[in-house]
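Just below is one structure, and these are the notes that go with it.
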Amino acid sequence: ADPADFWSALNFWIFFAVGHPVLQPILWISDVLHGTPGPMVANLVPVLFIAGNIAAITAVTTSKEIRNGLNIFALGAFITYIGAGLDGKGGMGDFNLALNDNYKGAVVRGCPAYEDVRQESMNDFDLKKYEGLWYEVKFHDWTQFKEVYDTTIDIKLTEDGKGWIDDFAVKGPAPDSAPLSWDKSPVANGAHYFMPGRVDKSDPPGLLRESGFGVEFPNYIVDVKKDPETGEYTEAIQFQCLERGGVRVFEGINFMSRKAEMSDVEFSRMHERAEKAGMYPYGASPEQMHTVARKPAGVTDNTWQAMWRAIGVDKLLELLTESIEDGGR
């Protein structure tokens, strides 16, 4: 593999391998904060939580034994979490870090060619029909977090038709992941990440080149379901795969729909189409995918959201969004 390609892929892997375990104590502390009873300072932070933090910080800074014990525990938990991901025993939908992992006892090496997974529904594929808002309903992808919800993908083609912008929007954490603090998060009302793509004339229709997190990877549109009356695309299965030196370092699978909610029957049929495409060895089976949580539409507002707005977090998120989008053009 080219050294530059190798290091960009490694950095890509390290960023998310570290990000998942780091997020867990943050969510735990957040729920402890918002679950602590008693009077509050500025209707934001419980007095008891502040007192508990002062006591904990004092103990850690004054006691070498406590400090060393805490460091050993944190390091052990961190290594164990990443180790489970490398063994393919972590969250299969969002934290399967195994390289060339196995399926039914057989090691599955590298990435398939587009022709190996492309389905007949992709005949006469029209990229313009693929534009617009999609709801991600399931995923197998360690660049995503099971703790987020209401994930959408809004695809916009460039005027010349040679490129596209993938507006990837999430909210987090999900109510089930942080039941006491989800609505206090600075991204409870959403955050965006833009991934630019390009259409290579030498590629078959349905194979797009997408860039994100410092690497470019092929985005296979494997299958689309069409409205029998209008011909519009109502469901889609995407597959991204990245290998370096013959080793698969990443696979991402997205089940997408034009509607936010899907029935169990509709999910089963999507899995059947994915299995027919030969994608089960890469993570498309039901037990290997995470279902994206949804909550009723509406703006989340409370004292914490008012504070985030007061200090300009919403403006900062908008600025970051614009800078990322501009960088992809």
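The values are calculated or read from the model by the stated rules, or taken from the named source; none is laboratory data. Since the structure is predicted, the reported quantities are computational estimates derived from the model, not experimental observations. Ideal geometry is used to build each Cβ from the backbone, glycine not excepted, and the neighbour counts take in all protein chains shown. What goes into the accessible areas is simple: the full protein's heavy atoms, side chains included, and nothing from ligands, DNA or RNA. Shrake-Rupley method; radii C 1.70, N 1.55, O 1.52, S 1.80 Å.
Just one of the listed residues (GLU243, GLU251, GLU235) is over 17 Å from the mean Cα position of the chain (by Cα) and either modelled with pLDDT of 90 or more or assigned to a helix (DSSP H, G or I) (or both), and it is GLU235.
ILE79 passes every criterion in (1) closer than 30 Å to VAL187 by Cβ; (2) buried (at least 16 other Cβ atoms within 10 Å of the Cβ); (3) β-branched (Val, Ile, Thr) apart from (2). In the set (1) out of contact with any Ser or Thr (no Cβ under 6 Å at 6 or more places or on another chain); (2) open to solvent by 60 Å² or more (accessible area, probe 1.4 Å); (3) at pLDDT below 95, LYS226 fails one condition alone, (3). Among the criteria (1) small (Gly, Ala, Ser); (2) open to solvent by less than 30 Å² (accessible area, probe 1.4 Å); (3) within 25 Å of VAL224 (Cβ to Cβ), the one ALA98 does not fulfil is (3).
Got a sec? Which helices (runs of 4 or more DSSP H) wholly within segment 34-143 have at least 1 residues that are among the hydrophobic types (A, V, I, L, M, F, W, C) and more than 30 Å from the chain's Cα centre (by Cα)?
Numbers: elements: 47-62, 64-86, 114-117, 127-130.
Where helices (runs of 4 or more DSSP H) fall fully within segment 34-143 and carry at least 1 residues being among the hydrophobic types (A, V, I, L, M, F, W, C) and more than 30 Å from the chain's Cα centre (by Cα), they are 47-62, 64-86.
If you filter segment 266-304 down to residues that are touching a His at 6+ places or on another chain (Cβ under 6 Å) and assigned to a loop (DSSP other than H, G, I, E, B), you find that the one that is surrounded by the fewest Cβ atoms within 10 Å (Cβ to Cβ) is MET289.
Looking only at segment 239-265, which residues are open to solvent by 30 Å² or more (accessible area, probe 1.4 Å) and either aliphatic (A, V, I, L, M) or on the phi > 0 side of the Ramachandran plot (or both)?
Of everything in segment 239-265, those that are open to solvent by 30 Å² or more (accessible area, probe 1.4 Å) and either aliphatic (A, V, I, L, M) or on the phi > 0 side of the Ramachandran plot (or both) turn out to be GLY245, GLY246, VAL247, ALA260, VAL265.
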